[in-house]
Amino acid sequence: MSSKTKYRYFNSLEIILENDFVFKLFKPLIPVKAGNIIPDLAFSKDFGRWQQYTNGAESRGLIPFTKLKSKPIVLAFYSQHWGQLGIDQLVRLNELQHEVKAAGANLIVISPQKESFLNKLAWEYNFTLTFYFDLQNEVARQFRVYHEDSPVWNLFSGVDENVPLLASYVVNPSKHVVYQHIDYNLSGTFSSQEILRAVYEAAHYTGDRKSA
């Protein structure tokens with residue numbers, strides 16, 4: 001290199017430092033399981049957070065807030081980011097909802113966002129379902145199926161948003177979890193008979209259990 005080549009004086013203060021890389025340790029989700037207790041379900045009474053469908057059409061029925069505390073409840077976590085698996089779960093829940101209600105229980109689908117295509121989906125599949133929009137994932141955190149430090153894309157390929165696990169629960173009036181199903185295998189199936197059995201068990205629950 002020519003000795004005549006001149007370089008501008010370099011001041012170390014001109015160095016632009018990159019932000020230090022912050023390493024976040026992946027924390028595996030440990031979902032609530034049968035035997036655990038949910039102290040209080042964090043449902044909002046804001047009617048904008050609820051959406052009901054009857055035979056595919058949006059309906060404006062009263063939200064059974066008092067029954068949510070006194071009756072068994074089937075909770076299913078859903079997101080559009082689960083694609084067809086999520087839709088398949090909604091279809092199966094819709095097939096169960098009449099028997100669930102006949103047993104004196106409520107069935108609620110928990111979604112982290114209010115989806116623009118939900119009306120079309122409900123009409124196409126003739127849903128009679130109640131949706132709750134868990135905008136800050138409060139309920140999902142209660143059931144430990146969602147956490148900011150445990151994104152689902154670390155577990156499942158093809159999911160590019162951090163959304164709750166595809167999970168279903170039955171909770172009795174004493175807030176004991178009597179059934180759980182997490183679709184880790186992405187099989188798109190859960191046992192309808194087991195859910196209904198758990199609903200009947202929850203409806204006739206007596207006594208106390210300790211949290212597992």
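Taking 27 Å as the cut-off for C-alpha to C-alpha distance, list the pairs among Lys27/Lys71; Lys27/Lys120; Lys67/Lys114 that go past it. Walk me through the intermediate numbers first.
Details: Lys27/Lys71 34 Å; Lys27/Lys120 37 Å; Lys67/Lys114 24 Å.
Flagged as over cut-off: Lys27/Lys71; Lys27/Lys120.
Nearest 5 is fine: what % of DSSP beta bridges in the range 45-203 come out antiparallel, could you say? Show your work: numbers first, answer last.
Values: 15 of 24 bridges.
DSSP beta bridges in the range 45-203 are roughly 60 percent antiparallel.
Residues with beta-carbon under 14 Å from that of Asp40, excluding Asp40: net charge, scoring Lys, Arg +1 and Asp, Glu -1?
Neighbour charge sum, excluding Asp40 itself: +3.
Report the Cα-based extents of the range 72-129 along its three principal axes, largest first, to the nearest Å.
Principal extents (Cα only, largest first): 31, 21, 18 Å.
Would you mind putting 148-159, 73-84 in packing order, based on average other-beta-carbon counts within 10 Å, highest first? Before the final figure, lay out the partial values.
Working: 148-159: 14.0, 73-84: 21.2.
So the order, starting with the most tightly packed, is 73-84, 148-159.
For a quick size check, give me the Cα extents of the range 29-96 along its three principal axes, largest first, whole Å.
Sorted largest first, the three principal extents are 35, 29, 22 Å.
Which three numbers, in whole Å and largest first, are the semi-axes of the equivalent ellipsoid of the range 65-212 derived from its Cα gyration tensor as √(5λ)? Mind dumping the intermediate values first?
On the way: eigenvalues 117, 68, 40 Å².
Here the semi-axes work out to 24, 18, 14 Å.
Values quoted throughout were computed directly from the atomic coordinates according to the rules given, and no laboratory measurement underlies them. Worth saying up front: this structure is predicted, and the values here are computed from it rather than measured. Reconstructed Cβ throughout: ideal geometry from the backbone, glycine too, with neighbour counts over all protein chains shown.
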